[in-house]
Amino acid sequence: LARLGTHPSVWEVYLSILIDARRWNDVRRAANQVRTQTASFEMARILAEFAEYKAESGEGREHMADTLARRLAQVPILDSGMAMRVADTLLRDGRAEAALGLLRRKRAEMSGRLPYWQLVFAAALSARDLEAMQDSTLEMLRLAPESPVALSNRAAMLIALEEKSPEALEITFRLVTQFPNAAAFQINHAFALLLNQRVDEAWEILRRLDP
């Protein structure tokens, strides 16, 4: 292990290999080593805690994994790329609230990046955090007003509120007009029609999708 040197990125790659191989005891040993071998104390701490989180989660020790996930959500992760990777992993592991907490701490420096808001939206949707869903969809449209993904996410958020929404109807109509063969956009448009009490039109769309 000593031959890996002191650069955090080298240790990150090495830990990723061990995690992919599910060699949890080796992951823990490497996490202990990284704290003393790397040149960056901040990165060493994050790498070590993230590796330990993956080991606990990988072995099904959910209580300890939850504790480490909450800790990762609370500590400052200065490296934006690392923060995104950790948040994405937490989200994929079903810990959306921890992922969202981590991402909120990065807003000031990452608010101009579309991938950041896409990840915030995914975490907010999973956590059912309506405020974060609203915020992230508006920010995505601010950065990419013509993006079908940004428009679709905004429509999905409005539909999730289960309230009458002319905006959802407008967006979904725009998307099905632009992409008539996209089933996902057709389904969202049908839901928007239902929420706006246009039931016959909604069922006609759904009937065509599933004859």
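Expressed as an acute angle from 0 to 90° and rounded to the nearest 10, what is the orientation of the C-alpha long axis of helix 183-195 relative to the principal long axis of the chain?
In the chain, helix 183-195 runs at an angle near 60 degrees to the longest axis.
Take HIS189, HIS63 and sort them by solvent-accessible surface of the protein heavy atoms, 1.4 Å probe, largest at the top.
My answer, sorted largest first, is HIS63, HIS189.
With a ≥ b ≥ c taken as the square roots of the eigenvalues of the C-alpha gyration tensor of the chain, please select rounded if a/c is under 1.5 and otherwise prolate if a/b is larger than b/c or oblate if it is not?
prolate
Which is the longest run of the chain containing none of the GluC sites (Glu not before Pro) found in DSSP loop states (not H, G, I, E, B) with at most 16 other C-beta atoms within 10 Å?
In the chain, the maximal stretch lacking such sites is 60-145.
Provide the per residue accessible area, probe 1.4 Å, for segment 20-147, rounded to a whole number of square angstrom.
On a per-residue basis, segment 20-147 sits at 49 Å².
Quick one: if the Förster radius is 41 Å, what FRET efficiency do GLU163 and SER80 give, using the C-beta to C-beta distance and rounding to 0.05?
It comes to 0.70.
Is the shape of segment 77-163 rounded, prolate or oblate, going by the alpha carbon gyration tensor and its root eigenvalues a ≥ b ≥ c, with a/c under 1.5 for rounded and a/b larger than b/c for prolate?
It comes out oblate by the Cα gyration axes.
Note down the net charge around ALA65, summing +1 for each Lys or Arg and -1 for each Asp or Glu among other residues with Cβ under 14 Å from its Cβ.
In short, -1.
What's the extension gain from ARG70 to SER9 if we count 0.36 nm per residue and subtract their Cα-Cα distance?
Extra length from ARG70 to SER9 when fully extended: 19.6 nm.
What does the accessible area of ARG45 come to, in Å² to the nearest 10, when a probe of 1.4 Å is used?
Looks like 60 Å² after rounding.
Full extension from LEU143 to LEU130: what is 0.36 nm times the residue separation minus their Cα-Cα distance, to one decimal in nm?
2.7 nm
What whole-number distance in Å separates the alpha-carbon centres of segment 40-108 and segment 115-170?
24
To the nearest 20 Debye, how big is the dipole of the chain about its Cα centre, given +1 on the beta carbon of each Lys and Arg and -1 on that of each Asp and Glu?
In debye, rounded to 20, the chain gives about 700.
Using only Cα atoms, tell me the angle between helix 8-20 and the longest principal axis of the chain; keep it within 0 to 90° and round to the nearest 10.
Computed tilt is about 70 degrees.
Which residue fluctuates the most in the chain, going by a Gaussian network model with Cα springs under 10 Å, if the choices are ALA190, ALA108, ALA55?
Checking each option, the largest mean-square fluctuation is seen for ALA108.
Could you identify which residue out of PRO148, PRO180, PRO115 has the top mean-square fluctuation in a GNM of the chain using Cα springs shorter than 10 Å?
Comparing PRO148, PRO180, PRO115 in the GNM, the peak value goes to PRO180.
With every protein chain kept in the model, how would you rank ARG154, ARG35, ARG92, ARG104 by accessible area, 1.4 Å probe, largest at the top?
Ranking ARG154, ARG35, ARG92, ARG104 by accessible area, largest first, yields ARG92, ARG104, ARG35, ARG154.
The values are calculated or read from the model by the stated rules, or taken from the named source; none is laboratory data. Since this is a predicted model, take the numbers as computed values, not measurements. When we count neighbours, we look across all protein chains shown, and the Cβ atoms used for this are built from the backbone with ideal geometry, even at glycine. For the accessible areas, the whole protein counts, side chains as well, though only heavy atoms, and no ligand, DNA or RNA atoms are used. Shrake-Rupley method; radii C 1.70, N 1.55, O 1.52, S 1.80 Å.
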